[in-house]
Amino acid sequence: MHEMSIALSIIEAIEAKAAGEGPGRVSEVELLVGRLAGIETESLSFCFEAAAKGTIAEGARLAIEEPQGVGLCSECATSFPVSFYYAECPACRSLRVQIVSGEEFKIKSFTIEEEGK
Amino acid sequence: MCDTCGCSTEGGAVLRKPGQSGYHVHLEGDAEHHHHGAGHDHEHHHHEAASRKVLLEQDVLQKNNLLAERNRGYFEARNIFVLNLLSSPGSGKTTLLEKIIPVLKPFIPVAVIEGDQQTTNDALRIQALGVPVIQINTGSGCHLDAQMVKGALAELDLVDNSLLFIENVGNLVCPALFDLGEALKVVIISVTEGDDKPLKYPTMFHEANLCILNKTDLLPYVEFDPVKCRQNALRVNHHLEWLEVSAKTGEGLEEWKRWIETRLQRR
Ligand SMILES: Nc1nc2c(ncn2[C@@H]2O[C@H](COP(=O)(O)OP(=O)(O)OP(=O)(O)O)[C@@H](O)[C@H]2O)c(=O)[nH]1
Ligand SMILES: [Mg+2]
Ligand SMILES: [Zn+2]
Ligand SMILES: [Zn+2]
Ligand SMILES: [Zn+2]
Ligand SMILES: [Zn+2]
């Protein structure tokens with residue numbers, strides 16, 4: 001279950017960044033997980049909750065944005081939504097399709113609730 | 001818990017050498033997560049809590065990707081050509097290595113990193129061929145990552161100008177997400193698996209450079225259409241190269257050898 005190791009690396013990245021941000025706890029984490037990124041977002045949310053226990057991000061909400069896959073035909077330059085890697089150009093039927101969006105897998109931001117202010 | 005020394009490993013990866021039952025190295029650090037005691041849920045209710053957004057814009061796999069690039073730099077500096085072998089459990093990765101290594105060994109030094117959740121069985125099979133091998137046991141982990149490979153490199157006697165095979169953990173899902181620093185990825189599928197597999201598990205086929213269809217000796221006995229399978233694979237990745245072999249009979253292995261030789265010359 002690679003979602004667990006991924007959840008841990010998300011927490012690690014947040015902890016590293018939060019260390020320079022003063023005291024507080026993390027209430028929300030914004031992720032960008034493209035539809036083609038190969039990540040089960042449900043499983044990731046579940047693992048995140050478990051991985052966050054006892055860390056600065058315990059109880060934090062995961063806000064996941066899931067951009068659509070977008071393909072760009074290398075033959076006729078049509079761009080169109082794709083839900084999988086095996087896309088066919090709807091205009092010219094070419095299989096020479098480049099994926100231009102949908103593979104993102106990023107931590108966009110997190111929200112700190114400051115303490116001691 | 002570690003079955004060799006009884007220490008608590010919490011699922012961390014362990015390196016082993018075949019035939020040396022006491023030898024093992026725990027790969028810790030990066031894979032491991034340090035929990036900090038919660039110290040922020042008490043007596044601050046009288047403070048005004050202020051929310052603040054911190055931008056990160058960081059690739060989740062960044063750490064693995066950076067380590068993989070370090071591995072890649074190491075391999076390039078020593079002119080070591082690395083192939084990462086990926087497949088479902090039992091497609092024949094180890095058997096293919098058992099057949100191809102004796103053919104390659106007279107021309108180039110070969111070494112192997114074996115990834116499995118448990119046991120040194122595969123490493124023992126490779127060791128019998130007389131090439132350096134190290135086993136990574138990932139425990140509960142279902143894929144190799146760049147950190148594990150980096151740890152294994154420190155324990156493996158690699159020579160310059162050589163060929164290194166990394167046999168990933170048998171799993172068609174996530175090993176594709178983790179760059180190890182290899183030059184090329186080879187995905188293996190066998191005729192007992194279903195010719196729509198590339199469509200069901202597209203990520204792996206999308207990332208691979210070469211697909212090897214193995215166990216072709218079984219084609220008369222199974223419902224498997226190699227042409228359809230290849231078409232499906234090409235739909236996922238139109239740059240994918242394709243070979244059909246039987247590790248059992250040796251059919252097609254000569255083509256694989258030529259494929260490797262061509263890649264070695266291109267370095
Ligand atoms: N008939 C036939 N059987 C094969 C062939 N290649 C491998 N096998 C058999 O398939 C089984 C699994 O082979 P392995 O080489 O251990 O497969 P693997 O991919 O290394 O498996 P894991 O490491 O467990 O993921 C063994 O029983 C092999 O003998 C082949 O070309 N034809
Ligand atoms: Mg094996
Ligand atoms: Zn995994
Ligand atoms: Zn087109
Ligand atoms: Zn192309
Ligand atoms: Zn131990």
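The values are calculated or read from the model by the stated rules, or taken from the named source; none is laboratory data. Treat the numbers as computed from the prediction; the structure is a model and nothing was measured. Cβ atoms come from the backbone with ideal geometry, glycine included; neighbour counts cover every protein chain shown. Keep in mind that these areas ignore ligands, DNA and RNA; they rest on the heavy atoms of the full protein, side chains included. Shrake-Rupley method; radii C 1.70, N 1.55, O 1.52, S 1.80 Å.
Restricting A:Gly59, A:Gly24 to residues that are within 8 Å of chain B (Cβ to nearest Cβ), at positive phi and in contact with a strand residue (DSSP E or B) (Cβ under 9 Å, 6 or more places away or on another chain) narrows the list to A:Gly24. The number of residues in the stretch A:33-56 being within 19 Å of B:Asn65 (Cβ to Cβ), at pLDDT 90 or above and facing chain B (nearest Cβ under 9 Å) comes to 1. Within the span defined as the stretch B:218-236, one or more residues are touching a His at 6+ places or on another chain (Cβ under 6 Å) and part of a helix (DSSP H, G or I).
Looking for whichever is closer than 17 Å to B:Met204 by Cα and modelled with pLDDT of 95 or more here; the options are B:Leu83, B:Leu61. Which one fits? Break it down into steps so the answer makes sense when it comes.
Values: B:Leu61 fails: modelled with pLDDT of 95 or more.
Answer to the selection: B:Leu83.
Just name the residue that is most open to solvent (accessible area, probe 1.4 Å) out of those in the stretch A:1-50 that are part of a helix (DSSP H, G or I) and of a type in the set (Asp, Glu). If we take residues in the stretch A:1-50 being part of a helix (DSSP H, G or I) and of a type in the set (Asp, Glu), then A:Glu42 is most open to solvent (accessible area, probe 1.4 Å). Here B:Met204 meets the list (1) at pLDDT below 95; (2) within 16 Å of ligand 5 (Cβ to nearest atom) almost entirely, failing just condition (2). When each of A:Phe105, A:Phe84 is tested for being open to solvent by 70 Å² or more (accessible area, probe 1.4 Å), facing chain B (nearest Cβ under 9 Å) and closer than 23 Å to B:Leu61 by Cβ, the lone residue that passes is A:Phe84. Scanning the stretch B:50-77 for residues that are surrounded by 14 or more Cβ atoms within 10 Å (Cβ to Cβ) and not in a helix (DSSP H, G or I) yields a count of 6. Select from the stretch B:154-164 the residues that are open to solvent by less than 30 Å² (accessible area, probe 1.4 Å) and out of contact with any Lys or Arg (no Cβ under 9 Å at 6 or more places or on another chain) and write down the one among them that is farthest from ligand 5 (Cβ to nearest atom). Among those that are open to solvent by less than 30 Å² (accessible area, probe 1.4 Å) and out of contact with any Lys or Arg (no Cβ under 9 Å at 6 or more places or on another chain), it is B:Leu156.
Mind telling me which of the residues B:Glu32, B:Glu43, B:Glu69 ends up being more than 16 Å from ligand 5 (Cβ to nearest atom) and modelled with pLDDT of 95 or more? Steps first, answer last, please.
On the way: B:Glu32 fails: modelled with pLDDT of 95 or more; B:Glu43 fails: modelled with pLDDT of 95 or more.
Step by step, each of B:Glu32, B:Glu43, B:Glu69 is checked, and only B:Glu69 is more than 16 Å from ligand 5 (Cβ to nearest atom) and modelled with pLDDT of 95 or more.
Taking the criterion of being surrounded by fewer than 19 Cβ atoms within 10 Å (Cβ to Cβ), assigned to a strand (DSSP E or B) and not β-branched (Val, Ile, Thr), the residues of the stretch A:54-81 that qualify are A:Arg61, A:Ala63, A:Glu65, A:Leu72, A:Ser79, A:Phe80, A:Pro81. Of the residues making up the stretch A:78-95, none is within 23 Å of B:Asn171 (Cβ to Cβ), of a type outside the set (S, T, N, Q) and at pLDDT 90 or above.
I'd like the full set of residues that are open to solvent by less than 20 Å² (accessible area, probe 1.4 Å) and more than 12 Å from chain A (Cβ to nearest Cβ), limited to the stretch B:172-184. If you could, list the steps in order and put the result at the bottom.
Kept after step one, since they are open to solvent by less than 20 Å² (accessible area, probe 1.4 Å), are these residues of the stretch B:172-184: B:172, B:174-176, B:178, B:180-182.
Within the stretch B:172-184, B:Leu180, B:Gly181, B:Glu182 qualify.
Considering the stretch B:143-165, and only residues there that are under 10 Å from the mean Cα position of the chain (by Cα), within 15 Å of ligand 3 (Cβ to nearest atom) and not small (Gly, Ala, Ser), the residue that is farthest from the other protein chains (Cβ to nearest Cβ) turns out to be B:Val149.
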